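*Asks:* Below is a structure I'd like to ask you about.
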Amino acid sequence: MKKLNIKTIVLYCVVTLFSMVTISSAQGTKEDIKIRMKDRFAKISELKQSGKIGETPLGFAEAVNKEFAQDEEISRLITAENNDRKLLYGIIAKESGTSVEEVGMGNAKRYFQKASDSDYFKTQAGEWKQKKDMMPQKP
Amino acid sequence: MKFIILIIAVGIVVTLTGCWTITVKHQVEPIYITMNVNVKVEKQLNDFFDFEDQGQDGSNTTKDKTPKQ
C-alpha cells in the first residue's frame, strides 16, 4: 500500500511537471507569439493612428491618456500585446546574450523609425509627444 | 647612484606603459561587444516583425486612399 502511494505521488508530479512545461512552451515560442501579435497588429495600428495608444521608451504599448486607459477593449489589447512583447524580449535577450530592457529599447527605436508623424511616443520624462514634435526642426 | 636612478626611470616607464595598455583594452572591447549585440538584436527584431511590412500596415491603407491622377 505504501509503495502504491509513493508511485502515485511520483506519477502525479511527473504529469503535473509535464503539463506545466507543455503549457508554458505552447504560449512562449516565438512562432506562437508572432501569430498572436500578427492577429492583433491591425487593431493596434488603428489605435495608434487614432492617437489612443502610443509607445514607451522601453518598447511597450500604453494608452495615451486616462480616458483611453479605462476603455475595456483598449486595456485588454494593451495587456495582451505587452504580455507577448515581454515574452518576446525575454527570448531575444536570451538568444543575444543581452538584457530584456536592452531588447525593449531596441524595439522602441524600431517603432519610432517606422512610425508616422502623428504617432505618439512617451518621452523619458513621461510626457506624450507626437513623432513630428520629437524630430529636430529643419532650418 | 646612477644605477639606482636608471632603475627608477625604467620602473616609471614600465609602469606608465602598463597603464596605457590596460586603459586602451578596457575602452575598445565593450564598444565592440555592445555594437555586436545591438546588431544581433536589431536583426532578430526585424526578422520577427516582418509581418508589419506585408501590407497590413494601416499607413499603407491611408496612402492607398489618396486619389490617383
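*Asks:* Would you kindly find the accessible area of A:Lys109, with a 1.4 Å probe and non-protein molecules such as ligands, DNA and RNA excluded, rounding to the nearest 10 Å²?
*Replies:* Probe radius 1.4 Å; accessible area of A:Lys109 about 110 Å².
*Asks:* If you don't mind, there's one more thing I want to ask. First check a/c for the stretch A:35-134, with a ≥ b ≥ c the square roots of the eigenvalues of its C-alpha gyration tensor; if it is under 1.5, answer rounded, and if not, answer prolate when a/b is larger than b/c or oblate otherwise.
*Replies:* Details: a/c = 1.78, a/b = 1.27, b/c = 1.40.
It comes out oblate by the Cα gyration axes.
*Asks:* Report the GluC sites (Glu not before Pro) located in the stretch A:73-138 that are in a DSSP loop and have at most 13 other Cβ atoms inside 10 Å of their Cβ, or state none.
*Replies:* The qualifying sites are A:Glu127.
*Asks:* Could you compute how much accessible surface A:Arg76 exposes when probed at 1.4 Å, giving the result in Å² to the nearest 10?
*Replies:* 150
*Asks:* Using a Förster distance of 30 Å, how high is the FRET efficiency between A:Met135 and B:Glu42, based on the Cβ-Cβ distance and rounded to 0.05? Each step should come with its number before you reach the end.
*Replies:* Numbers: r = 21 Å, r/R0 = 0.69.
According to the calculation, E is roughly 0.90.
*Asks:* Pull out the extension gain between A:Lys94 and A:Asp39, defined as 0.36 nm times the separation in residues minus the alpha carbon to alpha carbon distance; nm, one decimal. Don't skip to the answer; put the middle values down first.
*Replies:* Numbers: separation 55, 0.36 × 55 = 19.80 nm, distance 2.51 nm.
Gain on stretching A:Lys94 to A:Asp39: 17.3 nm.
*Asks:* Next up: I'd like the distance separating the alpha-carbon centroids of the stretch A:110-130 and the stretch A:33-75, in whole Å.
*Replies:* The distance from the Cα centre of the stretch A:110-130 to that of the stretch A:33-75 comes to 13 Å.
*Asks:* Using the structure shown, select from A:Lys7/A:Lys94; A:Lys129/B:Lys40; A:Lys132/B:Lys40; A:Lys66/B:Lys43; A:Lys66/A:Lys86 the pairs with a Cα to Cα distance greater than 31 angstrom.
*Replies:* Numbers: A:Lys7/A:Lys94 37 Å; A:Lys129/B:Lys40 29 Å; A:Lys132/B:Lys40 29 Å; A:Lys66/B:Lys43 35 Å; A:Lys66/A:Lys86 23 Å.
In this structure, A:Lys7/A:Lys94; A:Lys66/B:Lys43 lie more than 31 Å apart at Cα.
*Asks:* Run the numbers on the stretch A:54-136 and let me know its relative contact order in percent, using alpha-carbon pairs under 8 Å that are six or more apart. Spell out each step's value before the answer.
*Replies:* Numbers: 93 pairs, mean separation 28.5, N = 83.
Relative contact order, the stretch A:54-136: 34 percent.
*Asks:* Same structure again: Order B:Val37, B:Val13, most accessible first, counting only protein heavy atoms with a 1.4 angstrom probe.
*Replies:* Values: B:Val37 25, B:Val13 90 Å².
Order by accessible area, largest first: B:Val13, B:Val37.
The values are calculated or read from the model by the stated rules, or taken from the named source; none is laboratory data. Quick caveat, the model's predicted, so the values are computed rather than measured. Positions of Cβ are backbone-derived with ideal geometry, glycine not excepted, and every protein chain shown enters the neighbour counts. For accessibility, only protein heavy atoms count, side chains too; no ligands or nucleic acids. Shrake-Rupley method; radii C 1.70, N 1.55, O 1.52, S 1.80 Å.
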